[in-house]
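Following: one structure in structure tokens, then a few remarks.
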Amino acid sequence: PCWGSADSIAVLATSSATPSATPSAAPSAPASFDARLGLARSLDTMALDDKRAAPPLPAPTPKAARADGVPDASRERALRFVSFLTAAVTPYHAVAVGSALLEKAGYVQLDDASTWASAIKPGGRYFYTRCDSTLVAFAVGGKYAAGGPFRMVGAHTDSPALKAKPLTKFGSGPTEGVLTQLSISTYGGGLWHTWFDRDLGIGGLVILRKPDGSLEKRLVAIREPVLRVPTLCIHLQSAAERDSFAPNKETHLVPVLCMAPGPATATSKDKEDEAAASADPFASAQEPELWNLLAQRLGVEPGHIASHDLTLFDAQPPALTGARSEFVCGGRLDNLASSFVALEALADCSADAQLAESEAICCVALFDHEEVGSDSAAGAGGPVMEEALSRVAEAMGAAPGSELAQRGLRKSFLLSLDNAHAVHPNYRSKHEQGHRPHMGGGVVIKNNANQRYATTVESSFVVRELGRLGNAPVQEFVVKNDCPCGSTIGPILSARLGVRTCDIGMPQLSMHSCREMMGAADLTHCHALLSTFFLRVGEVDAKLAACKSPRAKEEM
């Protein structure tokens, strides 16, 4: 039921703020699965430096409607998210799709290595990327003055996954002369048992060395089910093994790629390729079957692939599920759901009329490597956010480190947006009895007394007040005292920047599974909250500024 209005990855760019002509023709029939993947593949093999790379944006599809004919904005947004998720199979793809969305909304890409001072103007919309897997976008208010506030939303583009090792050939060759496998690493803290017996694709970023010696970065994705991690049959397991399935990540998670090739008569071309590979230790250690698949998809010779960062993903596309299509199921909901909504909200709230009256800079930063600690050049623990704020503030007249720049940060606010834990119907006792957020119930405010989340008494009040102003329901979460608590980029950025921060997220089930589950309505709840944040947090701040800090009475 979810595929009819989600024919193209580009549908995500036609957000509610973008006016569109009413279609004159009758709604088209739902696109086939092959058609959807064909459109998504328009992104898969593009060159990252190709300005023509963004696929052509078709006319918006007719609005989904309830039986009474009222446009269903929640379903329409969920369908756009399904399209986004279908295309964004790796962080590199997520940044490329997000960049296409921003360009559709009038954002201009900046060169991270060039001077920004003459490029950034009041009323302007900009974005840039870092390491091809982190995306930063910001819109400068038409009435912004140096020392003004930043309104920031931070999320991340990565998810736990299996990744191909640099040298992809597994062991010394085909297992027992029958099966060809792929050498992989585990990335992040995944529920690895959920990756067994699933059809898997593979994709990511490759660097090509062209015949003329020049280099090119390309995205690639093989969406067909070419890989699989098979489980051991029940008959060969002991009772103890069946009761406690605990796979060894090094030996039991190795995926099968294909049957080993049979003996064949080598051609002169094969001999030339083999000689070239033997001269290059990196090339000779790659799995030939995989290299041939990648080269075929890219339209190049296998020997042109000089480097790669490849991630495995669930080949089953994401979908709206449930009797009333009230859920979204798919891989990477944590945290591409947040990335998608943040980008749409920013695009919707930076239309010309709204931006002209704004006195703030609205910003979205989508980081890589959150699932492995954030300490990288592209992670929230690196310099990305500080550099963005410093360079933008300097372009607008506030020198880095100056009192004016620091005053701007003291007036700023950050929402750390990362999916939250919905109460599980079969494991209700795992949730603190007074804090049990549910899917479809709105955005969750994350609280932790030990600062695993950056939420404070003031920042949580701001979010509740924004929810009230924007008619966006909010829920509360706190982990039980006898249970460990995860963390987010919130405490990292709050400590580095010294800005007020609140950790929030959309509730979901099966977090870190190969295939996760969330409420479709929460995408719209979150969009409403973020939109109110970008447009009206200044109203709440003005009231807080008039609220004096408490003082002890003289007689005390």
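The values are calculated or read from the model by the stated rules, or taken from the named source; none is laboratory data. This structure is a prediction, so every number in the text was calculated from the model and none was measured. FYI the Cβ positions are ideal-geometry reconstructions off the backbone, even for glycines, and counts take in every protein chain you see. All accessible areas refer to the heavy atoms of the entire protein, side chains included, with ligands and DNA or RNA removed. Shrake-Rupley method; radii C 1.70, N 1.55, O 1.52, S 1.80 Å.
Output ³J(HN,Hα) for the range 147-164: one whole-Hz value per residue in order, computed from phi by the Karplus curve 6.51 cos²θ - 1.76 cosθ + 1.60 with θ = phi - 60°, and x for Gly and Pro.
3J(HN,Hα) across the range 147-164, in whole Hz: x, x, x, 9, 10, 10, 10, x, 8, 9, 9, 9, 9, x, 6, 8, 10, 5.
Measure off 7 Å from each Cα along the Cα-to-Cβ vector at residue 404 and residue 306, then give the distance between these two points in nanometres to one decimal.
Inter-label distance under the simple model: 4.4 nm.
Please say if the range 484-544 is rounded, prolate or oblate, where rounded means a/c under 1.5 for a ≥ b ≥ c the square roots of the C-alpha gyration tensor eigenvalues, and otherwise the choice is prolate for a/b larger than b/c and oblate otherwise?
oblate
Give, in nm to one decimal, the length gained when the segment between residue 259 and residue 496 is fully stretched (0.36 nm per residue of separation minus the Cα-Cα distance).
Computed gain between residue 259 and residue 496 is 80.2 nm.
Between residue 193 and residue 326, what FRET efficiency follows from the Cβ-Cβ distance if R0 is 35 Å, with the result rounded to 0.05?
Values: r = 27 Å, r/R0 = 0.77.
Efficiency, rounded to the nearest 0.05: 0.85.
Would you calculate the separation in nanometres between label points at residue 115 and residue 249, each defined as 7 Å from the Cα along the Cα-to-beta-carbon direction?
In this crude spin-label approximation the distance works out to 4.7 nm.
Among 127, 92, 82, which residue has its Cα positioned farthest towards the positive end of the charge dipole of the range 68-139, with +1 placed on the Cβ of Lys and Arg, -1 on the Cβ of Asp and Glu, and the dipole taken about the Cα centre?
It is 127, whose Cα lies furthest towards the positive end.
Quick check: pseudo-label points 7 Å beyond the Cα along Cα→Cβ at residue 424 and residue 238, how many nm apart are they?
2.6
Determine the shape class of the range 283-378: with a ≥ b ≥ c the square roots of the Cα gyration tensor eigenvalues, call it rounded for a/c under 1.5, and otherwise prolate if a/b is greater than b/c, oblate otherwise.
It is prolate, given that a/c is not under 1.5 and a/b is the larger ratio.
Full extension from residue 279 to residue 456: what is 0.36 nm times the residue separation minus their Cα-Cα distance, to one decimal in nm?
Working: separation 177, 0.36 × 177 = 63.72 nm, distance 5.89 nm.
Gain on extension, residue 279 to residue 456, equals 57.8 nm.
Under a 5 Å amide H to amide H cut-off, with H placed in plane at 1.01 Å, what residues pair with residue 112 once short-range neighbours are removed?
Amide H to amide H, under 5 Å and 5 or more residues apart or across chains, residue 112 pairs with 129.
Quick check for me: using +1 on Lys/Arg Cβ and -1 on Asp/Glu Cβ, what's the dipole size of the range 101-256 about its Cα centre, in debye to the nearest 20?
580
Find the accessible area per residue for the range 152-225; the probe is 1.4 Å, ligands and nucleic acids are left out, and the unit is Å².
40
Amide H to amide H, which residues 5 or more places from residue 362 or on other chains are under 5 Å from it, using H placed in the peptide plane?
139, 141, 151
For an R0 of 25 angstrom, estimate the FRET efficiency from the Cβ-Cβ distance between residue 544 and residue 186 and round to the nearest 0.05. Don't skip to the answer; put the middle values down first.
Details: r = 44 Å, r/R0 = 1.77.
After rounding, the FRET efficiency stands at 0.05.
So for each of 297-305, 458-466, 337-345 I average, over its residues, the number of other beta carbons within 10 Å; can you give me the resulting order with the highest mean first?
Details: 297-305: 17.3, 458-466: 19.3, 337-345: 27.9.
Descending packing order for the listed peptides: 337-345, 458-466, 297-305.
In whole Å, how far is the Cα centre of the range 311-351 from that of the range 373-441?
19
What FRET efficiency comes out for residue 356 versus residue 209 if R0 is 60 angstrom and r is the Cβ-Cβ distance? Round to the nearest 0.05.
0.80
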